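The values are calculated or read from the model by the stated rules, or taken from the named source; none is laboratory data. All values derive from a computational prediction rather than experimental measurement. Because the Cβ atoms are built from the backbone with ideal geometry, glycine has one as well, and the counts that use them run over all protein chains shown. Heads up: the accessible areas ignore ligands, DNA and RNA and are worked out on the full protein's heavy atoms, side chains in. Shrake-Rupley method; radii C 1.70, N 1.55, O 1.52, S 1.80 Å.
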Amino acid sequence: ALRDGVTTWMPSFVSETFQLSSEVSILSGVCLPIFSILSFRVALALYERFPGNPVRCAGWIFALGALSALALTLVCKTSALASILCMALLTGCMHGVNLMLICMVPPFLQRNGNVSTVSGILNSCTYVGSAISTYGIALLSESAGWQMTAFIWFVIAALGAVVCTVCSRIWK
């Protein structure tokens, strides 16, 4: 939900919050895929630091995403560049979480023959979250504003960190 939702709505956020032209707002979205490529590298390096526990690694990445969303709530009305950087970090973190949970978790279940099933279920959850965020973020930002929307992103990422941290203990 955070990965695709922030990516989808970032140009609207930039345009509405800072009254920038549509062209500039859309162009600001170019940094997201570039930053995401770097995020995959960082996520893999972090995973090498916590080998054998991709859920724990996902928890750390969720926590970093939560911090970037919290920072966004503080700067979202003052600096377009800082807001774009916070959003880029948030989406990059969510790409890292996706990498851990979709690609790194299922192979651990190979002994049980559940790799494809688990991978498919987790991947489908990703797309359900994406679909919900497409409409949910629009409703939230229109009714509560972008600053509250960014705070909700913080809450979602923080909850993801908590869930992954709890599950990482079980993962052992």
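Looking at this structure, is Val155 within 17 Å of the chain's Cα centre (by Cα), exposed (fewer than 15 other Cβ atoms within 10 Å of the Cβ) and not hydroxyl-bearing (Ser, Thr, Tyr)?
It is true that Val155 is within 17 Å of the chain's Cα centre (by Cα), exposed (fewer than 15 other Cβ atoms within 10 Å of the Cβ) and not hydroxyl-bearing (Ser, Thr, Tyr).
Rundown of residues vs (1) closer than 19 Å to Ala144 by Cα; (2) touching a Gly at 6+ places or on another chain (Cβ under 8 Å); (3) touching a residue at least 24 places away in the same chain (Cβ under 8 Å); (4) not acidic (Asp, Glu), yes/no style:
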residue	(1), (2), (3), (4)
Asp4	no, yes, yes, no
Glu16	yes, no, yes, no
Leu27	no, no, no, yes
Ile37	no, no, no, yes
Asn53	no, no, yes, yes
Leu81	no, no, no, yes
His95	no, no, yes, yes
Asn98	no, no, yes, yes
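Considering only helices (runs of 4 or more DSSP H) fully contained in the range 29-99, which possess at least 2 residues that are more than 18 Å from Thr8 (Cα to Cα), in contact with a Ser or Thr (Cβ under 6 Å, 6 or more places away or on another chain) and open to solvent by 10 Å² or more (accessible area, probe 1.4 Å)?
Details: elements: 31-49, 54-75, 80-98.
Once the helices (runs of 4 or more DSSP H) in the range 29-99 are filtered for at least 2 residues that are more than 18 Å from Thr8 (Cα to Cα), in contact with a Ser or Thr (Cβ under 6 Å, 6 or more places away or on another chain) and open to solvent by 10 Å² or more (accessible area, probe 1.4 Å), what remains is 54-75.
Checking the structure you have, find out if any residue of the range 126-142 is within 20 Å of Trp171 (Cβ to Cβ) and surrounded by fewer than 19 Cβ atoms within 10 Å (Cβ to Cβ).
Yes; the residues of the range 126-142 include at least one that is within 20 Å of Trp171 (Cβ to Cβ) and surrounded by fewer than 19 Cβ atoms within 10 Å (Cβ to Cβ).
Would you please list the contacts, defined by Cβ atoms under 9 Å and residues six or more apart or on different chains, that run from a residue in the range 132-153 that is free of Cβ contacts under 8 Å to residues at least 40 places away in the same chain and of a type in the set (Gly, Ala, Ser) to a residue that is in a helix (DSSP H, G or I) and open to solvent by 50 Å² or more (accessible area, probe 1.4 Å)?
Partner pairs satisfying both residue conditions: Ala144/Phe151; Ala144/Ile152.
How many residues are open to solvent by 60 Å² or more (accessible area, probe 1.4 Å), assigned to a helix (DSSP H, G or I) and either out of contact with any Ser or Thr (no Cβ under 7 Å at 6 or more places or on another chain) or on the phi > 0 side of the Ramachandran plot (or both) when one looks only at the range 10-24?
The total comes to 3.
Any chance the range 71-82 includes a residue that's at pLDDT 95 or above, within 23 Å of Ala45 (Cα to Cα) and among the aliphatic types (A, V, I, L, M)?
Scanning the range 71-82, I find no residue that is at pLDDT 95 or above, within 23 Å of Ala45 (Cα to Cα) and among the aliphatic types (A, V, I, L, M), so the answer is no.
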